[in-house]
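A quick write-up on the structure given underneath.
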Amino acid sequence: MVVDDHPMWRDAVARDLAEAGYEVVATASDGAQALRLTGAARPDVVVLDLQLPDMSGVDVTRGLRAADPAVRVLVLSASGEQQDVLDAVKAGAAGYLVKSAARPEFLDAVRRTADGDAVFTPGLAGLVLGEFRRLAAAPVAAGQQAPRLTERETEILRMVATGVPYKQIASRLSLSHRTVQNHVQNTLTKLHLHNRVELVRYAIEHGLTDET
Amino acid sequence: MSEPHLTEPLWRAIAVYRVASLGYALALVATIDRHDYSRLDWAWAVLAAMAVWTAVSTVGYTRPERRAVPLLTADLLVSAGLLLSTWGLQFPADLHRGVMPVTATWVAGPVLAWAVRYGWQAGLPAALVLSGCDFALRGGAAGTISVTLDGAVLMVLAGVIVGYLARLAAAVERERQHAIEVEAASRERERLARDIHDSVLQVLALVQRRGAEIGGEAAELGRLAGRQEAALRALVGGSGQAVLTGPVLTGAVDIRSLLATEASEHVTLSAPADAVLLKKEEAAELTSAVRAALANVRRHCGAQALAWVLIEDEPEAVTVTVRDDGPGFPDGRLAEAAAAGRLGVSHAIVGRLRDLGGSATIRSAPGEGTEVELRVPRAR
C-alpha cells in the first residue's frame, strides 16, 4: 500500500512498484484513509510518507502495526532524518528512506523491507544510536530495564552511521553479510519491543486510574 | 514600569525593615533614652502613630497598583511629619546634643519605597527631604552636625543604591521576557517553514525523477533539481534542530547546529535526536577541528569525495567521527608522513583536541577510506 498526500508522488511510486513486479493493493492520500483500507487490503509492505495532512506519520505507523503486527512499514520523508523519523521507527517502522532517493535505491529498499530486513540510512543509524544512549542515561522506572545494545551492535551501527557499506562492515568484522543485517534488524526489534512495553505500561497505569 | 513579580522580594524587605526599625524605636524609648524626653506620653503617641502607619503602608504596598505616587507621597509626608513632631518631645538641649529622635531609623522607610518604585531618581530626593527635616530638627550646632550628617549620608546612600539596583533588576527582567518572546516567535516561524520546505523538497525530487524518466533536456533539468534538493535538505536538516533557551543562558551550545552548516550533497551528518551540549569554547574548537578534517578530505580525495560526520553523545564524552570514502592509506604511511612533517593539518587537529583534554585518532586502511575520531571528554 502506498500512502502519500501528493498525487503525483503517489502515482509515481505506485507505477515504479508495479513495473518492478509488486502488487499495489491500495493507495491512500491521508492517514485516516490508510488505516481504513488496511484491514481489507492486508498489505505486506506499506510505503508511508511521514508528512500527511490529517495525522502524523508516526500515529499512522502505530495504527498500521496495531491492526496487523506482521506488516512492514517503510517511511519516506522529504526533509531528512529528524525526530519524527526516529519516532516512526520506535512506533514500529522497519526502515526509512529519503524521498529523493533514486529509483533503484527505492526499489532495493522495498525489496529489503519485504524480505524482513531493516532499511537504514546513516542519519537513521545516528538517531538510533542516540536513542539507545538516551534510554541508557535516563532514569529507569521501577521494574523496567532500558534496552541495551551489545558492543557488536554498537560497532555496526557506528559503521552504518559513517557510511560504511554492509559488505565492508562484514569483511572488517569477519562476519557474513546476513549476520550484519541481522544485527541491524535486532537493534530495531529491541526498540520496537521497548516501545510496546512502554505503551502497555502507560495504558495500564492510565486505564486503572480511569476506573478508580 | 517595574515588573511587580521581580520587585516583590524588595517590597517584602521594606516591610521587614519598617517593622524592625519600629521595634528598635520602641526599644530605644522603653529602655535607653527615657529621661531624655520631656513629654514621655507624647513619645508613646508618636510610636503608636508609627505603628499604625507601618501597618497601613505595609498593607497598602502589598497590592502593586497601590505602589504609586499618592501612597508614596503620603508615606513621605507622614514620616517627615512624625520626625518633625519630635521637636516638642525632647529637651531642646538634648536634641542639639545629637540624641536620636523618637522615630530613629524608621523614617528611612519611604526613601526605600520611592527608590524601589521609581529608581534612584526618586530615592535621592526622598532621602534629601527627610535629611532636610532631620537637619531642621537637630539644628546645625557645631558639635552635632557630624552625627546628623552621618544619618543624612546613610539615607541618601540607601536611596541611591537601592533605587539603582531595583531599576537594574527590572531592566534585566524585561530583556529576558523579550528574549523569550522572540524565541517563541522564531520557533513558530520554523515550524511553518518546515512545511514549506517539505513541499519544495518533494517537488524537486519529483522533477528529478520524472526528468530522468523522460530523458534529454528534462534529465538535465532533473539533475539540477536534484542537486538543489540535496542542498536544501542539508540546510533544513540543520535548522530542524531545536533551538533551546536553557543553553543560551548557561553558555552551552548544541554542537549539532554548529556542524549542520557542513552538511551538503557530499557530506552527510548523523546525530542523535536530542541536543548535544558542549561549552561554547569547546564547541567552537571541535567545529574547527571537524572543518579542518573535512577540508583534508577534499584536498586528498577531491571535491567529489563523499564524507560522513557522526555525532555521538555519551555521558563521559562527545565523539565526532569524520569518515571519507577515499582510497585510504596503510597505517604505516601516517607515521611516515608525520615524521616527514607533511601532516600540518592533522597536527593542528590533534593539537586542538589535546588542548581540550580530548583526543584525535586517525584510522585508515587501503580501500576503506579514512576515519578521524575526535573525542571531547565531559567534565561531570
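The values are calculated or read from the model by the stated rules, or taken from the named source; none is laboratory data. Only a predicted model underlies this, so the values are computations on that prediction, with no experimental measurement involved. Note that each Cβ is placed from the backbone with ideal geometry, even for glycine, and that neighbours are counted across all protein chains shown.
Out of all the residues in the stretch B:276-286, is one or more without any contact (Cβ under 8 Å) to a residue 12 or more places away in the chain, in contact with a His (Cβ under 9 Å, 6 or more places away or on another chain) and in a helix (DSSP H, G or I)? Give the steps one after another, and end with the answer.
Here is the first cut: in the stretch B:276-286, the ones without any contact (Cβ under 8 Å) to a residue 12 or more places away in the chain are B:281.
If we keep only those that are in contact with a His (Cβ under 9 Å, 6 or more places away or on another chain) too, we end up with none.
Within the stretch B:276-286, not a single residue is without any contact (Cβ under 8 Å) to a residue 12 or more places away in the chain, in contact with a His (Cβ under 9 Å, 6 or more places away or on another chain) and in a helix (DSSP H, G or I).
Is the stretch A:88-107 home to any residue that is in the same structural domain as A:L35 (by TED's automatic domain parsing), acidic (D, E) and either modelled with pLDDT of 90 or more or under 23 Å from B:S264 (Cβ atoms) (or both)?
So the first thing to find is which residues in the stretch A:88-107 are in the same structural domain as A:L35 (by TED's automatic domain parsing), and the list is A:88-107.
With the extra rule that they be acidic (D, E), the set shrinks to A:105.
Those still in the list that are either modelled with pLDDT of 90 or more or under 23 Å from B:S264 (Cβ atoms) (or both) too: A:105.
Yes, the stretch A:88-107 contains a residue that is in the same structural domain as A:L35 (by TED's automatic domain parsing), acidic (D, E) and either modelled with pLDDT of 90 or more or under 23 Å from B:S264 (Cβ atoms) (or both).
Test of understanding: among B:E190, B:E173, B:E183, which residue is in contact (Cβ under 8 Å) with a residue 40 or more places away in the chain, within 14 Å of chain A (Cβ to nearest Cβ) and either surrounded by fewer than 18 Cβ atoms within 10 Å (Cβ to Cβ) or under 24 Å from B:T7 (Cα atoms) (or both)?
Working: B:E173 fails: within 14 Å of chain A (Cβ to nearest Cβ); B:E183 fails: within 14 Å of chain A (Cβ to nearest Cβ).
After applying the criteria, what remains is B:E190.
List every residue pair whose Cβ atoms lie under 6 Å apart, where the two residues are 6 or more positions apart in sequence or sit on different chains, the first residue falls within the stretch A:155-177 and is within 10 Å of another protein chain (Cβ to nearest Cβ), and the second residue, located anywhere, is at pLDDT 90 or above and outside any helix (DSSP H, G or I).
Every condition considered, the pairs that remain are A:V160/A:F120; A:A161/B:S270; A:A161/B:L310; A:T162/B:W308; A:T162/B:L310; A:T162/B:T321; A:T162/B:R323; A:G163/B:W308.
Could you tell me which of the residues A:E131, A:E151 is out of contact with any helix residue (DSSP H, G or I) (no Cβ under 7 Å at 6 or more places or on another chain) and within 14 Å of chain B (Cβ to nearest Cβ)?
On the way: A:E131 fails: out of contact with any helix residue (DSSP H, G or I) (no Cβ under 7 Å at 6 or more places or on another chain).
Just one listed residue meets the conditions, A:E151.
Could you look through the stretch A:1-29, keep only residues that are modelled with pLDDT under 90 and assigned to a loop (DSSP other than H, G, I, E, B), and pick out the one that is surrounded by the fewest Cβ atoms within 10 Å (Cβ to Cβ)?
Looking at the filtered set, the residue picked out is A:D5.
Among what's in the stretch B:39-74 and is among the polar types (S, T, N, Q) and within 17 Å of B:A20 (Cβ to Cβ), pick the residue that is surrounded by the most Cβ atoms within 10 Å (Cβ to Cβ).
Looking only at the stretch B:39-74, we keep the residues that are among the polar types (S, T, N, Q), and these are B:54, B:57-58, B:62, B:73.
Filter once more, so that each one left must be within 17 Å of B:A20 (Cβ to Cβ): B:54, B:57-58.
Working: B:T54: 18, B:S57: 23, B:T58: 17.
It comes out as B:S57.
Give the stretch A:109-138 a look and list any residue that's part of a helix (DSSP H, G or I) and among the polar types (S, T, N, Q), or say none.
From the stretch A:109-138, those part of a helix (DSSP H, G or I) are A:109-115, A:122-137; that's our starting set.
Residue satisfying the conditions is A:T113 alone.
Can you tell which of B:V290, B:V309, B:V297 is of a type outside the set (K, R) and within 11 Å of chain A (Cβ to nearest Cβ)? Please lay out each step first, then the result.
Numbers: B:V290 fails: within 11 Å of chain A (Cβ to nearest Cβ); B:V297 fails: within 11 Å of chain A (Cβ to nearest Cβ).
Only one candidate passes the filter, namely B:V309.
Take the conditions over 24 Å from A:H183 (Cα atoms), at pLDDT 85 or above, in contact with a helix residue (DSSP H, G or I) (Cβ under 6 Å, 6 or more places away or on another chain) and at the interface with another protein chain (Cβ under 10 Å from one of its Cβ atoms) and apply them to A:L50. Does it pass? Outline the logic, then answer.
Numbers: over 24 Å from A:H183 (Cα atoms): yes; at pLDDT 85 or above: yes; in contact with a helix residue (DSSP H, G or I) (Cβ under 6 Å, 6 or more places away or on another chain): yes; at the interface with another protein chain (Cβ under 10 Å from one of its Cβ atoms): yes.
Taking the combined requirement at face value, the residue satisfies it.
What's the number of the condition B:A263 fails, among (1) over 30 Å from B:S364 (Cα atoms); (2) facing another protein chain (nearest Cβ under 10 Å); (3) touching a Lys or Arg at 6+ places or on another chain (Cβ under 9 Å); (4) modelled with pLDDT of 80 or more?
That leaves (1) as the condition not met.
Within the stretch B:348-367, track down each residue that is closer than 15 Å to B:V318 by Cβ and small (G, A, S).
Passing the criteria: B:G357, B:G358, B:S359, B:A360.
Quick check: is even one residue across the stretch A:54-63 in a helix (DSSP H, G or I), more than 14 Å from chain B (Cβ to nearest Cβ) and touching a residue at least 40 places away in the same chain (Cβ under 8 Å)? Reasoning before the result, please.
The initial filter retains those residues of the stretch A:54-63 that are in a helix (DSSP H, G or I), namely A:57-63.
Subset that is more than 14 Å from chain B (Cβ to nearest Cβ): A:59-63.
Still in the list and also touching a residue at least 40 places away in the same chain (Cβ under 8 Å): A:60.
There is at least one residue in the stretch A:54-63 that is in a helix (DSSP H, G or I), more than 14 Å from chain B (Cβ to nearest Cβ) and touching a residue at least 40 places away in the same chain (Cβ under 8 Å).
Consider A:G143 against the criteria (1) over 25 Å from B:P272 (Cβ atoms); (2) outside the structural domain of A:A14 (by TED's automatic domain parsing); (3) modelled with pLDDT of 90 or more: it satisfies all of them except one. Which criterion is unmet?
Of everything listed in (1) over 25 Å from B:P272 (Cβ atoms); (2) outside the structural domain of A:A14 (by TED's automatic domain parsing); (3) modelled with pLDDT of 90 or more, A:G143 misses just condition (3).
So B:C301 clears everything in (1) at positive phi; (2) in contact with a Gly (Cβ under 6 Å, 6 or more places away or on another chain); (3) not basic (K, R) except one condition, right? Which one?
The number of the failed condition is (1).
Limited to the stretch B:193-224, what total is found for residues that are exposed (fewer than 11 other Cβ atoms within 10 Å of the Cβ), part of a helix (DSSP H, G or I) and more than 42 Å from the chain's Cα centre (by Cα)?
Residues that pass the stated criteria total 1.
Search the stretch B:249-288 for residues being surrounded by fewer than 21 Cβ atoms within 10 Å (Cβ to Cβ) and of a type in the set (S, T, Y), and hand back the single one that is nearest to B:A307 (Cα to Cα).
In this case the residue turns out to be B:S264.
Can you give me the number of residues within the stretch A:79-126 that are polar (S, T, N, Q) and buried (at least 22 other Cβ atoms within 10 Å of the Cβ)? It would help to see each step written out before you state the result.
Within the stretch A:79-126, the first condition is being polar (S, T, N, Q), and the residues that meet it are A:79, A:82-83, A:100, A:113, A:121.
Then keep just the ones that are buried (at least 22 other Cβ atoms within 10 Å of the Cβ); that gives A:79, A:100, A:113, A:121.
Counting residues in the stretch A:79-126 that are polar (S, T, N, Q) and buried (at least 22 other Cβ atoms within 10 Å of the Cβ) gives 4.
Every residue in the stretch B:266-275 that is in a loop (DSSP other than H, G, I, E, B) and within 10 Å of another protein chain (Cβ to nearest Cβ), please. Outline the logic, then answer.
So in the stretch B:266-275, the residues in a loop (DSSP other than H, G, I, E, B) come out as B:266, B:271-275.
Scanning the stretch B:266-275 gives B:A271, B:P272, B:A273, B:D274.
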